[in-house]
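**Q** Sending over a structure as structure tokens; questions will come in a sec.
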Amino acid sequence: MRILGIETSCDETAAAVVTGERQILANLVLSQLDEHRPFGGVVPEIAARSHLDHLDALIARALAEAGLGFEDLDGVAATAGPGLIGGVFVGVMTAKAIAAARKLPFLAINHLEGHALSARLTEDLDFPYLLLLVSGGHCQLLAVEGVGAYRRLGTTVDDAAGEAFDKTAKILGLGYPGGPAVERAAAAGETGHHELPRPMKGRHNLDFSFSGLKTAVRHVAAAMDPAPDGSSPAVKNLAADFQAAVGDVLADRCARALTRFAADYGRHAPLVVAGGVAANLYLRGRLAEVAAAAGAALLAPPPWLCTDNAAMIAWAGVERLRLGLRDPLDFAPRPRWPLEQLRRPGTAAAETGRTTA
Ligand code: KG4
Ligand code: ZN
């Protein structure tokens, strides 16, 4: 099985070809960073136009790299939400056009399901598992029971973890994109200089909160003299303290979730971490400790598979198509699309294709 994957839900235009044997034949990501940098964040209209300008050529390049033509494909998968809707439309319309012209199955992929299943592309990983999904827009703990079968155990009540990294980077003058910049600054800094809060740590539920931490960083930064400019030792130390606080929160929540999972499923969960923030090596180290303490394994896709890419979308397409799932060509892209709204394969709605929203 060979699936073309397309990802256009944020500021990466991406195309990939993945096989049912977990081979990645091509995986191209075109970042729009330079186009958005002057604005300090992603501008939806610029993103949509840029996807439109680049997607066709990128797909052609991906197929050339894979040594395939459209006639060699078994299906076309595109992110159909959640995300910036203009960009999602570009990817979905392109995928539908290819599917219609070549009479191929079309697969409308939930971007979060792409992240959620990505570890199964690179690891031998069976269901169920515990997933920490940490990206720019999401911070959730999920029990992944199967394709399309997600049980949410906890979520953020305010900001996503990636958002906290991005805002902290902005406050500290570290530039855009924030996550990698904070990680680099933190690696050059030293913890223990600032008392920052650990929101939700010790709570009985499995939810997250990051806005109080961001506000605390803002207060410390406001009192800095000279003002934070991204390069001073004080900025690096604050970045290190911020990252350590995020690490403590994620570690606490995951430890509790592992206990809960073991109680619910009668066995230790493999802990899987996915989403852009999972590219952070310090946080991966903290989570590995938590998993080890619980007698569980930590499985983290390689960093290039954690940040947005089309290989994970193509792979989700493989997973769905081999269960006989496909989507109608009138499937409507969705700006919001919680994972729990996906149908378990075998239920009537899944077999007849998901209805348009
Ligand atoms: O999954 P992703 O590429 O896009 C979304 O679906 O949101 O995640 C992007 C987020 C951004 O907030 C970015 O700052 C964060 O992931 N991120 C990181 C790192 N690399 C990306 N956060 C912390 N450390 C990193 N190394
Ligand atoms: Zn993502």
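**Q** Just subtract the alpha-carbon distance of Ala222 and Phe70 from 0.36 nm times their residue separation and send over the number in nm, one decimal.
**A** 49.2 nm
**Q** Report the paramagnetic label zone for Leu125: residues of segment 152-187 whose backbone N is under 20 Å from a point 7 Å from Cα along the Cα-to-Cβ axis.
**A** It comes to 152-156, 161-162, nothing else.
**Q** Same structure again: Once amide H atoms are built 1.01 Å from N in the peptide plane, which residues 5 or more positions from Gln32, or in another chain, come under 5 Å H to H?
**A** Distant-sequence amide H within range of Gln32: Thr13.
**Q** Something else about it: Pick out, in residue order, every one of the GluC sites (Glu not before Pro) in segment 2-75 that is DSSP loop and has at most 11 other C-beta atoms within 10 Å; say none if there are none.
**A** Glu21
**Q** Looking at the chain, what % of its DSSP beta bridges pair antiparallel, to the nearest 5?
**A** 60 percent
**Q** Same structure again: Around Val272, which amide H atoms from residues at least 5 apart in sequence, or from another chain, sit under 5 Å from its own amide H, with H modelled in the peptide plane?
**A** Leu130, Leu131, Leu132, Leu299
**Q** In degrees between 0 and 90, to the nearest 10, how far off the longest principal axis of the chain does helix 178-188 point, with axes built from Cα atoms?
**A** Value to nearest ten degrees: 40.
**Q** Among the lysines, select those whose C-alpha is under 28 Å from the C-alpha of Lys167, and discard any that sit fewer than 8 residues away in the same chain.
**A** Lys201, Lys214, Lys236
**Q** When the Cα atoms of segment 127-300 are enclosed in a convex hull and the volume is divided per residue, what value in Å³ results?
**A** Details: hull volume 17.3 nm³, N = 174.
Each residue corresponds to 99 Å³ of Cα convex hull volume.
**Q** When the accessible area of segment 32-148 is computed with all protein chains present and a 1.4 Å probe, what percentage of it is carbon and sulfur?
**A** 55 percent
**Q** Now for a different question. Give a quick list of trypsin sites (Lys or Arg not before Pro) in segment 26-119 that DSSP marks as loop, anything other than H, G, I, E or B, with at most 11 other Cβ atoms within 10 Å. Don't skip to the answer; put the middle values down first.
**A** Details: sites: Arg49, Arg61, Lys96, Arg102, Lys103; in loops: Lys103.
Here the trypsin sites (Lys or Arg not before Pro) that fit, given the DSSP loop and packing criteria, are Lys103.
**Q** Loop-only check: which trypsin sites (Lys or Arg not before Pro) in segment 170-274 are DSSP coil with at most 11 other Cβ within 10 angstrom?
**A** Arg267
**Q** Ok, one more. In whole Hz, with x marking every Gly and Pro, tabulate ³J(HN,Hα) for segment 189-199 from phi via Karplus 6.51 cos²θ - 1.76 cosθ + 1.60, θ = phi - 60°.
**A** Values, residue by residue: x, 9, 7, x, 8, 9, 8, 9, x, 10, x Hz.
**Q** Give the accessible surface of the chain per residue, rounded to a whole number of Å², with probe radius 1.4 Å and ligands, DNA and RNA excluded.
**A** Values: 14240 Å² over 357 residues.
Heavy-atom accessible area per residue stands at 40 Å².
**Q** Label-point separation (nm) for Arg336 and Gln23, each offset 7 Å from Cα along Cα-to-Cβ?
**A** Output for this residue pair reads 4.3 nm.
**Q** Grab the other residues whose beta carbon is less than 13 angstrom from that of Ala274, score K and R as +1, D and E as -1, and report the net.
**A** In short, -1.
**Q** Relative to the longest principal Cα axis of the chain, at what angle does helix 281-293 sit, 0 to 90 degrees, rounded to 10?
**A** The answer is roughly 90 degrees.
**Q** Same structure again: In a shell of Cβ-Cβ distance under 9 Å around Asn309, excluding Asn309 itself, what net charge do Lys and Arg (+1) and Asp and Glu (-1) give? Numbers along the way, then the final one.
**A** Working: positive: none; negative: Glu7, Glu12, Asp308.
The answer is -3.
**Q** Based on the inverse mean of 1/r over its pairs of different Cα atoms, what is the Kirkwood hydrodynamic radius of the chain, in Å? It would help to have the intermediate numbers written out before the result.
**A** Values: mean 1/r = 0.0482 Å⁻¹.
One decimal place: 20.7 Å for the Kirkwood radius.
**Q** I'd like the orientation of helix 311-321 relative to the chain: the angle between its Cα long axis and the longest Cα principal axis, in ° from 0 to 90, rounded to 10.
**A** 50 degrees
**Q** What distance in nm lies between label points placed 7 Å from Cα along the C-beta direction at Arg203 and Ala263?
**A** Label-label distance for Arg203 and Ala263, simple model: 1.7 nm.
**Q** Return the sequence-ordered ³J(HN,Hα) values of segment 38-54 in whole Hz as given by the Karplus equation 6.51 cos²θ - 1.76 cosθ + 1.60 applied to θ = phi - 60°, using x for Gly and Pro.
**A** With coefficients 6.51, -1.76 and 1.60, one gets x, 9, x, x, 7, 9, x, 5, 5, 4, 4, 5, 5, 4, 4, 5, 10 Hz.
**Q** Can you work out the FRET efficiency for the pair Ser231 and His193, with r the C-beta to C-beta distance and R0 = 25 Å, to the nearest 0.05? List each step's numbers first, then the result.
**A** Values: r = 16 Å, r/R0 = 0.66.
That gives a FRET efficiency of 0.95.
The values are calculated or read from the model by the stated rules, or taken from the named source; none is laboratory data. Every value quoted in this text rests on a predicted model; they were computed, and no experiment measured them. Reconstructed Cβ throughout: ideal geometry from the backbone, glycine too, with neighbour counts over all protein chains shown. Quick note on the areas: whole protein, heavy atoms, side chains included, nothing else; ligands and nucleic acids left out. Shrake-Rupley method; radii C 1.70, N 1.55, O 1.52, S 1.80 Å.
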